[in-house]
1. Identify all residues within segment 341-359 that are out of contact with any strand residue (DSSP E or B) (no Cβ under 8 Å at 6 or more places or on another chain) and open to solvent by 30 Å² or more (accessible area, probe 1.4 Å); write none if there are none.
2. In segment 40-60, how many are in a helix (DSSP H, G or I) and more than 19 Å from Leu91 (Cβ to Cβ)?
3. If we keep just the residues of segment 16-36 that are within 60 Å of the chain's Cα centre (by Cα) and small (Gly, Ala, Ser), which is least open to solvent (accessible area, probe 1.4 Å)?
4. Residues to consider are His86, His104, His47; find the one that is over 30 Å from Cys161 (Cα atoms), open to solvent by 80 Å² or more (accessible area, probe 1.4 Å) and free of Cβ contacts under 8 Å to residues at least 12 places away in the same chain.
5. Out of curiosity, is Ile313 surrounded by fewer than 19 Cβ atoms within 10 Å (Cβ to Cβ) and modelled with pLDDT under 80?
6. Quick one: which strands (runs of 3 or more DSSP E) lie wholly within segment 376-441 and hold at least 3 residues that are in contact with an Asp or Glu (Cβ under 9 Å, 6 or more places away or on another chain) and open to solvent by 50 Å² or more (accessible area, probe 1.4 Å)?
7. With the condition kept exactly as written, say whether any residue in segment 154-169 is out of contact with any helix residue (DSSP H, G or I) (no Cβ under 8 Å at 6 or more places or on another chain) and within 21 Å of Leu234 (Cα to Cα).
8. In segment 358-375, what count of residues is obtained for those that are outside any strand (DSSP E or B) and hydroxyl-bearing (Ser, Thr, Tyr)?
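The values are calculated or read from the model by the stated rules, or taken from the named source; none is laboratory data. Computed from a predicted structure; not experimentally measured. Note that each Cβ is placed from the backbone with ideal geometry, even for glycine, and that neighbours are counted across all protein chains shown. To get the accessible areas, we keep the full protein, side chains included, count just its heavy atoms, and leave off ligands, DNA and RNA. Shrake-Rupley method; radii C 1.70, N 1.55, O 1.52, S 1.80 Å.
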Amino acid sequence: LQQERGRYLEMFDHAPDGYLITDRSGLILEANLAAAALLQRPSEHLHGKPMAIFIEEEERHGFRSRINQLLQDDTTQEWETILQPHTGPPLPVSMHVSPALDHHHQVVGLRWLLRDVSARRLADFTLWKERNFISAILDTTAALMVVLDTNGCVVRFNRACEVITGRTQDEVLGQPLWERLLIPDEVDAVKAVFSDLVTGHFPNEHENYWVARSGERRLIRWSNTMLKNRSGKLEYIIGTGVDITAQRAAEELARKHQEVLAHSMRVSTIGEMASGLAHEINQPLAAIVNYAQGCVRRLESGSFDLPDLRIVIEQIALQAERAAAIIQHLRHFVSKGTPQRTPMDINALIVQTVKLAQADIDKSGATLKLDLNPIPSVAVDDIQIQQVVLNLLRNALDAIAQPAAARRIDIRSALGTGHAIEISVCDNGRGLSEDALEKVFEPFFSTKGNGMGLGLGLAISRTIIEDHGGRLWVTRNAGPGATFHFTLPLKNPGDDE
């Protein structure tokens, strides 16, 4: 029995947690080494001391109430309190106190288990500070921040999200994102993005509308990523969003203004080409008049052959169709419709554009060479691309207006680099100065004489090409003149969306 007690006392003394035994009133009878260390007194100096004196003064009332409750109910009590050791700062501890009973089941003393929780409290406090810090960042940033669990349910909804939707975090917490905030037409697309993230395809970006409580729709551009736990398993999806509703509206307004300006430039161009176009239309009209007068004379003379007359009438119809085709082409070119991108044969567009400018080409005395290589169809707005080609062609005609031994313009099409086609318009005219090379695409810059141009044609042309996902630039020739190039991607830039 003595050996057994010795082993018990050894275990008692060297236990990692503090153990105390007190009488009913709380006077210390026994204390192990860990308890003495927590109270910062030798074990022998603790004997007979009331436990209450080691409790921080502000905590003592609650301490006594718990002890009284334990003695009254004969139940175990567990709580956290603050010790005030003999020396040193206050120490947070957890207390587990249970009654010691005699053989009559009467409480004769108390058993105390003390455990230092300062490290845990520090960790909790640090975590609390970090959470508050992160929360402050999330709620003060202008960006929308939403955190979803692996089921797509909202676990965090920052202040910016609340403002833009008119909904509080409590309203959406724990609910699938798509049930409250999305328009029905976009639910499947957003679920597909979410599935990609869950299966490890991150980060990713997309755009979709959120619907506010008021019913207002806001277009959000999202950048998404994921958060894994320590084991590497997906835990949360994090979306960072920017409201681009106003930006997209401004872009749409700018696009409409650009369309109006481009239309005005097309009308202006046709006005500048009026004399040449009048000549083009006059030719079939003159032929019609001649053929009609010939028919009248034969009919009046009474000597006519029906087969010959049929041929003449067919010629009248042919020339009328020719004139109608020219007018139809002009109407199409100056039309003010919504841009429509459809797969087009760019070589055919170039040929049509050359026909439109043929009178001016003939008048200039220039030699025009078409080097049109086989190229795939490209999704473009045909009117806009014709406008670009016509502008470059007319600039080339202006550049070779000065007398030269051989005025020449070459238009070439070919497959370019980077999965695109390249169109070039080359002339052997006066060329461009170093200053003009840098400014030629700026609005209102013109190399023509005063009053000879607005200086908007190349600026509009570059905008049209860039809007198609291509590039427009100019290079000097090894000899006289300059070459304007533009590319068009074989893939429509809108297809990725």
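1. Asp345, Ala348, Gln352, Lys355, Gln358
2. 1
3. Gly18
4. That would be His104, the only listed residue that is over 30 Å from Cys161 (Cα atoms), open to solvent by 80 Å² or more (accessible area, probe 1.4 Å) and free of Cβ contacts under 8 Å to residues at least 12 places away in the same chain.
5. So Ile313 does not fit the description; no.
6. The qualifying strands (runs of 3 or more DSSP E) are 408-415.
7. Yes, there is a match, as at least one residue in segment 154-169 is out of contact with any helix residue (DSSP H, G or I) (no Cβ under 8 Å at 6 or more places or on another chain) and within 21 Å of Leu234 (Cα to Cα).
8. 1
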